[in-house]
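Notes for the one structure printed next.
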Amino acid sequence: MDRQTKTFLMRQFREVGIQPATRHGQNFLIDLNLQHLIVDSANLTDQDVVLEVGTGTGALTALIAKKAAAVVTIEIDGHLFELASELLLDFDNVTMLRHDALKNKNQFDPRVLDAIKEKLDEAPNRRLKLVANLPYNIATPVLSNLLLCGHLPHSMVATIQKELGDRIVARPNTKDYGALSVWMQSQADTEIVRIMPPSVFWPAPKVESAIVRIVVDPVRRAAIPDPKFFHQFVKTIFIHRRKFLRANVVAALKRHLTKQEVDEILEQMNLRPDARTEQLDVATLQKLTELVRVRVPDWTL
């Protein structure tokens, strides 16, 4: 396989008369060492079914396929799909899908989930991992929604915008701490493996990127009685994260609980009236959510 360098990609694209599509967030990783770092960070074995969102030219897919039991890779761009198909022709453990990975911002396309299930069911003890150079514009819904799917991933390793990586690993009382931080950390260990300058991509993005590793902790996950409720409630009360917590909870529950009932919950939690949402750690937010869920299990906005 030819080395995926900027020169190689430019020549390849010129030969077929195409340009990277900005609308699809196409920034190709041209540092081979970083491609290997992504794969190595995933600790792949012959028990792993890997989901890759954004096949690109197939360079990363090929590295993954050499170590994993199976790869389900999705590419929305028809030209790239054809290029990758040629490169991956000899890999019989790669399933290529040509469409958007997401049905909408809250759900994966059912065809993706069906393909994952098929590969997981082919042998006992298989586990799902995400390994991908994610397009910036879909990174958040891909990472968030995979934790809501029926097939819970063992881990996720991805290149994303550094700003998003900072939010995933952020701690309470910091500028990056928010609903995404809470959602990820409530059920997984999160870390930034490497920060990457724009120069390692072609075309070069305008911002820094990061390789993140998210390893799911089944015990923590099992401690969340209703993940969908928790995900939505935390997102809602973090919309205005610097406002007082009471105001955010009252606004979220205005059609379900009175202000007095909200105050009773906060008093039960020993939370001060001037507490702010951004100050609460993950465990506190989980306890708060569960007290709300017990009172209004059918809550929706």
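The values are calculated or read from the model by the stated rules, or taken from the named source; none is laboratory data. What you see is a predicted model, and the numbers here were worked out from it, not measured in a lab. Quick reminder, even Gly has a Cβ in these numbers, built from the backbone with ideal geometry, and neighbours come from all protein chains shown.
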- prompt: Applying the selection to region 288-301, what residues are part of a helix (DSSP H, G or I) and surrounded by 12 or more Cβ atoms within 10 Å (Cβ to Cβ)?
  reply: Leu288, Thr289, Glu290, Leu291, Val292, Arg293, Arg295
message: Need pairs with beta-carbon distance below 7 Å; first residue small (Gly, Ala, Ser) and within region 169-189, second part of a loop (DSSP other than H, G, I, E, B); sequence gap 6+ or separate chains.
response: Ala170/Asp176; Ala170/Tyr177; Gly178/Phe238; Gly178/Arg241; Ala179/Phe238; Ser181/Ala170; Ser186/Ile224; Ala188/Asp217
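Has region 194-209 got any residue that is assigned to a loop (DSSP other than H, G, I, E, B), of a type in the set (A, V, I, L, M, F, W, C) and over 25 Å from Leu280 (Cα atoms)? It would help to see each step written out before you state the result.
The first filter runs over region 194-209 and keeps only residues assigned to a loop (DSSP other than H, G, I, E, B), leaving 197, 203-208.
Next, only the ones that are of a type in the set (A, V, I, L, M, F, W, C) stay: 204, 207.
Narrowing further to those that are over 25 Å from Leu280 (Cα atoms): 204, 207.
Yes, region 194-209 has at least one match.
Please state which one of Ile211, Ile265, Ile224 is at pLDDT 95 or above and under 30 Å from Met10 (Cα atoms). Even if it seems obvious, please write down each step before you answer.
Working: Ile265 fails: under 30 Å from Met10 (Cα atoms); Ile224 fails: under 30 Å from Met10 (Cα atoms).
Checking each option against the conditions leaves just Ile211.
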message: Please return the ranges of helices (runs of 4 or more DSSP H) entirely within region 224-282 where 3 or more residues are over 27 Å from the mean Cα position of the chain (by Cα).
response: 245-252, 259-268
task: For region 219-245, enumerate the residues that are without any contact (Cβ under 8 Å) to a residue 60 or more places away in the chain and farther than 13 Å from Val292 by Cβ.
output: Val219, Arg220, Ala222, Lys235, Ile239, His240, Arg242, Lys243, Phe244
statement: Over region 272-293, the set of residues of a type in the set (A, V, I, L, M) and in contact with a Pro (Cβ under 9 Å, 6 or more places away or on another chain) is Leu280, Val282
query: Inside region 54-144, counting only strands (runs of 3 or more DSSP E) that do not spill past its ends, which hold 3 or more residues that are within 29 Å of Met10 (Cβ to Cβ)?
result: 70-74, 94-97, 127-133
